[in-house]
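The values are calculated or read from the model by the stated rules, or taken from the named source; none is laboratory data. Keep in mind that what you see is a predicted model, and the values were worked out from it rather than measured. Using ideal geometry, Cβ is built from the backbone for each residue, glycine included, and neighbour counts are taken over all protein chains shown. For accessibility, only protein heavy atoms count, side chains too; no ligands or nucleic acids. Shrake-Rupley method; radii C 1.70, N 1.55, O 1.52, S 1.80 Å.
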Amino acid sequence: MINIKSAYLNTRNQFLTLCSNLETEDYSVQPTEFVSPPKWHLAHTTWFFEQFVLKEFSSEYTVYNDDFAYLFNSYYNNAGERVLRPNRGLMTRPTVKEVYAYRNYVDSKMVVFLDSNPSKKALEIIELGINHEQQHQELFYYDIKYIFGNQPTFPTLKNSIALNDITQKQEFITIKEGVYQIGHNTTGFSFDNELGVHKTYLHQFKISNNLTTNAEYIAFIEAGGYSNFNLWHAEGWDFITKNNITAPLYWHKVKDTWHYYTLNGFKPVEPNKPVTHISMYEAYAYAEWKQMRLPTEFEWEIAAEHLNYGQLWEWTNSAYLPYPNFSKAPGALGEYNGKFMINQHVLRGASIATPENHSRKTYRNFFQADMRWLFSGIRLAQ
């Protein structure tokens with residue numbers, strides 16, 4: 001078990017650092033349903049520890065505010081009623097100041113609880129809560145970029161994340177056919193969707209050592225990739241035509257030159273950076289254009305030791321489904337992953353926004369095929 005108290009405090013403080021350059025007006029904005037305001041993230045991750053640790057295991061704990069469970073529950077039906085997701089940005093109250101006071105209150109109670117020799121079960125839930133908060137720290141970057149990237153002046157945010165140029169020559173790594181073991185089977189934390197270690201047969205395949213670059217993706221655009229329905233899933237074609245999508249999210253053509261919004265400002269697209277903010281639909285179409293394909297999540301996991309991954313989450317051609325013998329935990333925590341195992345695709349790896357020590361080759365991220373605001377990219381297979 002990790003030093004749980006240190007990990008808890010470091011994680012909680014890291015979220016404060018991420019928000020330290022926001023203005024008060026930035027905290028409550030929700031420009032679209034899939035984006036949550038920063039204030040909501042700060043309160044929801046606090047509610048998690050209050051709801052699942054302090055209320056459950058500390059007989060001396062007094063709830064900070066009874067209304068907060070309704071305001072800041074996300075999707076845990078077992079934990080009670082909640083504000084609907086599209087309405088998270090309608091709450092100007094509680095204020096930002098009050099949300100920070102809530103965090104301080106819960107943190108002070110958690111420190112006392114952590115010093116009281118908690119049970120193994122409590123410690124396991126606290127570790128889950130730490131990893132849950134790290135997920136929301138990454139979501140914070142997606143959300144604040146969407147909040148800023150849809151404003152006329154393209155505000156910037158002081159940050160410590162940046163994509164690196166891809167400089168190595170593209171090669172395709174051969175993985176031989178065989179029966180391979182899939183799933184988390186080492187010490188250390190994992191989510192329940194990584195469990196159910198099992199074997200799977202893989203045909204021989206090749207996988208790119210590089211992610212697709214902006215320059216390579218511009219070639220796809222200029223070749224008419226967004227106007228050739230033969231390259232797209234029918235659902236993907238409907239999505240891009242209905243929404244008039246002709247380039248990755250945050251891209252704009254200015255005087256015949258592609259520009260894009262980054263948290264460091266609006267600038268010409270950098271050709272050697274990996275292309276990002278790509279939906280699964282776009283990743284699939286690009287692979288079709290290249291006469292290749294996306295890897296399955298099992299191929300990706302077996303090839304991971306040969307890959308320099310971690311810049312962007314990488315779309316796979318695998319539906320998000322349970323592993324053999326998968327079982328949900330009882331109660332609200334059983335809702336964490338299992339109930340989302342339909343109509344979503346798996347992404348593997350990590351991104352520049354992923355907190356330190358929050359990535360591993362068995363990690364199964366998942367989103368709907370049309371999502372583009374996450375830090376996602378493309379790795380080809382054949």
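Annotations for the structure displayed:
- Considering every alpha-carbon pair of the range 1-96, the percent of pairs per 10 Å bin, from zero through the bin containing the longest distance, is 14, 42, 35, 9, 0.
- With respect to the chain, whose longest principal axis is taken over its alpha-carbon atoms, helix 280-289 is tilted by about 20°.
- Electrostatic dipole magnitude of the chain [Cβ: Lys, Arg +1; Asp, Glu -1; Cα centre; debye, to 20]: 220
- Given (1) -0.22, -0.30, -0.39, -0.62; (2) -0.24, -0.33, -0.44, -0.69; (3) -0.55, -0.65, -0.74, -0.90, the label whose value is log10 I(q)/I(0) by the Debye sum over Cα atoms at q = 0.06, 0.07, 0.08, 0.10 Å⁻¹ derived from this model: (2)
- Figure note: Phe298, Phe367 ranked by solvent-accessible area, largest first, 1.4 Å probe, ligands and nucleic acids not counted: Phe298, Phe367.
- The chain - percent relative contact order, Cα under 8 Å, separation 6 or more: 18
- Alpha-carbon centroids, the range 269-290 and the range 27-56: separation in whole Å: 31
- Loop-located trypsin sites (Lys or Arg not before Pro) in the range 128-173 whose Cβ has at most 14 other Cβ within 10 Å (DSSP): Lys158, Lys169
- Low-density loop positions, GluC sites (Glu not before Pro), the range 110-211 - DSSP coil, at most 11 other Cβ in 10 Å: Glu171, Glu177
- Among Tyr250, Ala219, Leu22 - extreme Cα towards positive end, dipole of the chain, charges at beta-carbon: Ala219
- Two numbers describe the Cα atoms of the range 103-225: Rg and Dmax, which are 22.2, 64 Å.
- Positive dipole terminus of the chain, leading residue within Gln51, Asn164, Asn357 (C-beta point charges): Asn164
- For the range 11-67, the dipole from Cβ point charges (+1 on Lys and Arg, -1 on Asp and Glu) about the Cα centre works out to 200 debye, to the nearest 20.
- Sparse-neighbourhood loop sites, GluC sites (Glu not before Pro) in the range 1-98 - DSSP loop, at most 13 other Cβ within 10 angstrom: Glu23, Glu33, Glu60, Glu81
- Ser108/Leu84 FRET efficiency (R0 41 Å; Cβ-Cβ; nearest 0.05): 0.85
- Share antiparallel - DSSP beta bridges, the chain, percent rounded to 5: 95
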